[in-house]
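These notes concern the structure reproduced below.
Laboratory data are not the source of any read-out in this text; all were calculated from the coordinates shown. Remember, predicted model here, so these are calculated numbers, not experimental data. Here the Cβ positions follow ideal geometry from the backbone for every residue, glycine too, while neighbour counts run over all protein chains shown.
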Amino acid sequence: MDPDNYDDYGGVEHAEYCFQHYTSTETCFSAFKAPLEPTVALGGFSRNNYSEASAFVITYPVNNAIMKVGDENGKAIAWEKAFIQLAKLICTESSA
């Protein structure tokens, strides 16, 4: 669901509707304008109790070049390294 439309379409109630009917209306489509099955973005729930999810999965697409010539992968590699550092920092701080 487009976050700019969240309040316009009913907030939490609409999000719950979209979890159950993710292919039924454009207001429930993902940012890339396609249906997104809730099990792709949510985890840690039983049956169809999506509101009980304990995990929210985020995918960050990066542009990886196949050719090994040049530095086309430099930004993707730098982003991945920074993300790993951030994840380790968060894990360290949460266990302290």
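Just for the range 41-55: of the residues that are farther than 22 Å from Tyr9 by Cα and of a type in the set (A, V, I, L, M, F, W, C), which one is farthest from the chain's Cα centre (by Cα)? Filtering the range 41-55 for residues that are farther than 22 Å from Tyr9 by Cα and of a type in the set (A, V, I, L, M, F, W, C), the one farthest from the chain's Cα centre (by Cα) comes out as Phe45. The set of residues from the range 23-37 being in contact with an Asp or Glu (Cβ under 9 Å, 6 or more places away or on another chain) and among the aromatic types (Phe, Trp, Tyr) comprises just one member, Phe29.
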